[in-house]
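Engineer: Take this structure first; my questions come after.
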Amino acid sequence: METRRPQLNLDELHQVRWLLGNGLALISIATVFYLEINAWVLAAAAGIVVLATLVRPTLPAHLPPLAHKLAFPFIVIFFAWDLYSTGEVLPAMIRLDLLLLLYRGGSYRKKRDDLQVIILGLFLVMIAGVLTVSLTFAVQILVFTAVTLAFLFVITLVEGIEGDPAAPAPASAAGVPAWARVRWRRLARRVRDVTDWRLLALGAGLFLGVVTVSALLFMAIPRFQLESSFFLERFMSKKSRTGFSDTIRLGDVVDIQQDNSVALRVDVSDPARVPVVPYWRMVVLDEYKNGTLRTSRRLQNEMLISAQQAPYAMGPARPPRAAAVFWTFYFESGISRHLPLAGPFYLLRFREPQWFQQQNMLLMLALRNEPVAMTAYRIDGMATDGFIPDRRFAGILQEARAATPDRGGAPEAADERSRPAYPLTTLGLPDRTDDRLTLRRAADEITAGAHLTPHDFAERASRWLREKHGYSLEVPAPAGGGDPVVAWMKTSQPGHCELFAAAFTLLARTAGLPTRVVTGFKGGDWNAYENYYMVRNSHAHAWCEVYDGATGWFRVDPTAGGGAVTTGQQNVAGGAANLQNADRSWGARLDSIRILWYRRIVNFDQRTQLALVQSLRDATNSFGAAMRYSFDRAWLSARMWLRRPWDVRRLLTWAGVVVGAGVALEFWRRAGRTWWWRLRGRHRSGRADPVRRRAGRWLQKLVGSRGSGDESRKVVAELQRLRYGPRAGWPEPAAVFRRARRAWRSGRRDVAHAPDGGGAAEP
């Protein structure tokens with residue numbers, strides 16, 4: 001008889017179940033480490049406990065019984081205290097999930113406990129997918145699904161063998177289950193020995209089927225306006241980075257520059273329209289006092305009044321006349337609630353309705369709350385020349401100057417209480433007289449007594465600052481009291497972008513020019529693999545905007561190494577330069593996979609769905625046309641080949657080809673397969689041995705024959721020994737096959753005289 005395949009016993013199945021259950025818990029706990037939630041210490045503790053009990057399954061037996069009784073009350077009290085102290089529901093639920101996984105992974109489980117591990121792990125994985133929408137989630141959900149399918153299969157096997165699914169595993173006198181004394185190397189060898197490739201193929205097919213059906217449903221189900229975060233942002237909050245908030249202190253932007261992670265990705269339909277050095281503006285800071293820049297209360301109130309919920313935002317620009325250029329922004333969470341913009345735009349579309357605040361004159365757009373996941377939006381008709389049109393400000397400025405007492409032609413010399421509340425961009429000079437005199441002397445040195453236009457003053461002031469100060473991220477605190485920016489201007493020490501921007505602002509306001517500071521990002525890296533812009537936190541920057549007196553604000557970057565003063569009339573597009581300086585590193589390659597995930601999965605909406613259907617239809621039509629063309633060419637070539645004259649040489653050549661092919665096939669039928677199996681070493685395997693295979697074919701033939709007698713039964717017994725028995729007890733195969741042929745022929749004659757007639761071909 002054929003030897004049965006070895007099988008795992010009940011203890012070994014329990015060991016595999018323990019391995020898969022704890023492995024599933026570890027996969028789920030790993031999701032917390034790329035979530036921006038304060039649960040890393042608890043996740044690390046849970047991971048250590050689960051891993052320790054995975055390696056040593058006897059450890060849970062040493063846990064005192066009192067710990068099991070107090071575990072549930074402790075977890076409930078911890079969750080209540082966590083929820084009360086933090087006031088955030090979702091982080092508290094995640095920490096509760098970690099505690100439950102820690103307990104379940106560190107104690108012996110029944111079937112219902114194993115199912116709880118699956119549910120708890122699925123909760124963490126899905127939360128990570130909703131909050132991060134990252135490529136890591138895609139890989140993790142695939143691994144989680146595969147391990148879960150294997151885990152459920154083993155649970156079913158154990159339940160079928162035990163009979164009672166609620167009964168715990170038998171334990172020894174010391175309270176340790178018999179299966180807990182595991183030797184992992186031995187178990188690995190046992191699993192390898194009992195593994196059947198057919199079962200593996202079936203499991204792989206089931207897994208691929210689940211993934212395929214899920215992908216097809218994802219592409220086929222109609223798109224709805226459903227928020228991707230499922231309102232989870234209401235149950236947790238995030239703090240934005242201090243450099244991109246309404247108030248910053250000197251050095252806050254420099255702190256952001258220490259981080260090299262990607263903060264923003266920009267996908268452009270026409271790469272040639274991307275400036276050589278783009279500026280991504282976010283926050284306008286129009287007030288300054290003693291080293292602190294902030295957005296004035298009036299401007300904040302204007303932002304609050306404009307709050308609305310809509311799937312799009314209308315910008316200050318007019319509809320584009322030429323072909324529209326689409327800018328798709330992928331803004332990571334944890335940066336700011338203010339959205340980056342390159343300039344005035346016509347229309348901004350969100351993936352879903354959003355609560356946002358908008359101020360078109362400042363060109364600021366901010367979400368009501370800090371986003372908990374990546375925010376995607378598309379902009380149509382956006383300018384990138386660094387000029388912000390604002391004709392309304394000219395009238396406001398004129399009214400403010402008319403209401404300000406004239407004290408020597410310097411509006412900053414007026415008393416603060418006598419000035420109008422707006423525009424605050426003309427205010428914010430230091431309170432100390434010495435600091436004001438220092439600024440006045442510097443402004444006079446820049447102007448040299450001449451009346452300069454705003455553009456000329458910006459050029460001279462920027463050059464004056466760059467000649468006196470270099471650029472450095474590490475700036476020592478200036479000695480002496482007074483305003484820190486003015487104290488820095490008195491020295492020749494290098495400075496960072498915030499010092500340059502604040503110093504330029506004070507100089508321009510001393511000269512009577514409305515000026516404001518803008519924070520955001522400058523530059524970026526062009527990804528050569530997927531053709532998009534990568535903007536990192538290290539690209540954080542601060543610059544200035546000066547009012548030209550009549551039409552709007554132009555950008556000034558006074559930082560050493562900064563760009564020139566913009567006029568709003570120059571074309572700064574530089575697609576060729578971006579492609580020439582493209583990033584082709586491994587980091588860019590990995591990030592391109594992430595943006596591909598954003599494009600094809602995260603941003604898969606109805607428009608993308610229709611485009612996919614159209615592309616599939618076009619591809620099908622193109623493939624059909626190509627197949628018809630190839631078939632027509634092949635048929636035409638065959639007809640031309642047949643119509644060629646058949647001379648003696650051509651006939652002999654093709655006759656030799658046909659004869660050679662027949663000889664090769666016959667040789668393969670008789671001896672080729674045997675040599676092939678021996679070459680691959682398969683002759684050692686009983687299932688692939690050619691003698692066993694031939695004996696099996698003879699057994700199948702002799703079953704239908706009508707041979708009888710001792711001779712026929714003897715031949716069948718010998719064939720069974722060749723087919724199933726050990727090689728040491730084999731009879732002579734050639735003699736057995738000769739006797740089998742005689743028995744088959746005898747049976748064939750009997751079948752030929754039978755009423756149904758017929759026979760079978762010799763094997």
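Engineer: Would you kindly find the accessible area of R460, with a 1.4 Å probe and non-protein molecules such as ligands, DNA and RNA excluded, rounding to the nearest 10 Å²?
Structural biologist: Roughly 90 Å² of R460 is accessible to a 1.4 Å probe.
Engineer: On to the next question. Sort R693, R536, R192 by accessible area with a 1.4 Å probe, largest first. Let's see the in-between values first.
Structural biologist: Numbers: R693 110, R536 40, R192 155 Å².
The residues order as R192, R693, R536, largest area first.
Engineer: Between beta-carbons, use under 12 Å as the cut-off and find the net charge around L157, counting Lys and Arg +1, Asp and Glu -1.
Structural biologist: Numbers: positive: R17, K111; negative: E12, E159, E162.
Computed value for this residue: -1.
Engineer: Below 11 angstrom from the Cβ of S269, what's the summed charge of the other residues (Lys, Arg +1; Asp, Glu -1)?
Structural biologist: Numbers: positive: R273, R378; negative: D267, D270, D380.
Its environment carries a net charge of -1.
Engineer: Starting at the first residue of the stretch 511-522, write each ³J(HN,Hα) from the Karplus equation 6.51 cos²θ - 1.76 cosθ + 1.60 with θ = phi - 60°, in whole Hz, x for Gly and Pro.
Structural biologist: Along the stretch 511-522, the couplings run 7, x, 9, x, 9, 9, 9, 10, 10, x, 10, 10 Hz.
Engineer: Further question: Would you check the accessible area of F153, probe 1.4 Å, heavy atoms only, in square angstrom rounded to 10?
Structural biologist: Using a 1.4 Å probe on the heavy atoms, I get roughly 100 Å².
Engineer: Can you tell me the length gained on complete extension of the stretch Y84 to A625, counting 0.36 nm per residue apart and subtracting the Cα distance? Present the calculation step by step, with values, prior to reporting the outcome.
Structural biologist: Numbers: separation 541, 0.36 × 541 = 194.76 nm, distance 6.70 nm.
So the extension gain works out to 188.1 nm.
Engineer: Work out how much length F207 to E445 would gain on full extension: take 0.36 nm times their residue separation and subtract the Cα-Cα distance, in nm to one decimal. Spell out each step's value before the answer.
Structural biologist: Details: separation 238, 0.36 × 238 = 85.68 nm, distance 7.53 nm.
Length difference between fully extended and current span is 78.2 nm.
Engineer: Which parts of the stretch 308-342 would a label at S269 reach, counting a residue when its backbone N lies under 20 Å from a point 7 Å out along Cα-to-Cβ?
Structural biologist: 311-331, 341-342
Engineer: Still on this structure, please answer the following. Between E732 and I48, 0.36 nm times their residue separation minus their Cα-Cα distance comes to what? Working shown, then result.
Structural biologist: Details: separation 684, 0.36 × 684 = 246.24 nm, distance 6.17 nm.
My answer for the length gained is 240.1 nm.
Engineer: Per residue of the stretch 109-115, what does 6.51 cos²θ - 1.76 cosθ + 1.60 with θ = phi - 60° give for ³J(HN,Hα)? Whole Hz please, x for Gly and Pro, Karplus curve as stated.
Structural biologist: 10, 9, 5, 5, 5, 4, 5
Engineer: For V556, enumerate residues with amide H under 5 Å from its amide H, sequence gap 5+ or separate chain, H modeled in the peptide plane.
Structural biologist: Here C544, E545, V546 satisfy the definition.
Engineer: Next question, about the same structure. What nm distance separates the two modelled labels at F33 and S637, each placed 7 Å from Cα along Cα→Cβ?
Structural biologist: 5.5
Engineer: Report H539's accessible area, 1.4 Å probe, all protein chains in place, as a number in Å² to the nearest 10.
Structural biologist: Looks like 40 Å² after rounding.
Engineer: Could you put L365, L83, L636 in order of accessible surface area, largest first, with the 1.4 Å probe and the full protein assembly present? Mind showing how you got there, number by number?
Structural biologist: Values: L365 0, L83 60, L636 95 Å².
From most accessible down to least: L636, L83, L365.
Engineer: Please work out the C-alpha center-to-center distance from the stretch 437-515 to the stretch 93-155 and express it in whole Å.
Structural biologist: Each part's Cα centre sits 58 Å from the other's.
Engineer: Still on this structure, please answer the following. Using 1/(1 + (r/R0)^6) with R0 = 60 angstrom and r between the beta carbons of L304 and K714, what's the FRET efficiency to the nearest 0.05?
Structural biologist: Details: r = 101 Å, r/R0 = 1.68.
My answer for the efficiency is 0.05.
Engineer: If you take every residue apart from V176 with its C-beta less than 15 Å away from the C-beta of V176, what net charge results, scoring Lys and Arg +1 and Asp and Glu -1? Write out the running numbers ahead of the final one.
Structural biologist: Details: positive: R56, R109, R181, R183; negative: D11.
Local charge sum for V176: +3.
Engineer: Between V191 and L59, what's the calculated FRET efficiency when r is the beta-carbon distance and R0 is 25 Å? Round to 0.05.
Structural biologist: Using R0 = 25 Å, I get an efficiency of 0.65.
Engineer: May I ask you to derive the FRET efficiency for L665 and L149 from their Cβ-Cβ distance with R0 = 41 Å, giving the value to the nearest 0.05? Don't skip to the answer; put the middle values down first.
Structural biologist: Values: r = 44 Å, r/R0 = 1.07.
Calculated value: 0.40.
The values are calculated or read from the model by the stated rules, or taken from the named source; none is laboratory data. Values in this document were obtained by computation on a predicted structure and should not be read as measured data. With ideal geometry, Cβ positions are generated from the backbone for all residues, glycine too; neighbour counts draw on all protein chains shown. Ligands, DNA and RNA are stripped out before the accessible areas are found, and what is left, the full protein with its side chains, is counted by its heavy atoms. Shrake-Rupley method; radii C 1.70, N 1.55, O 1.52, S 1.80 Å.
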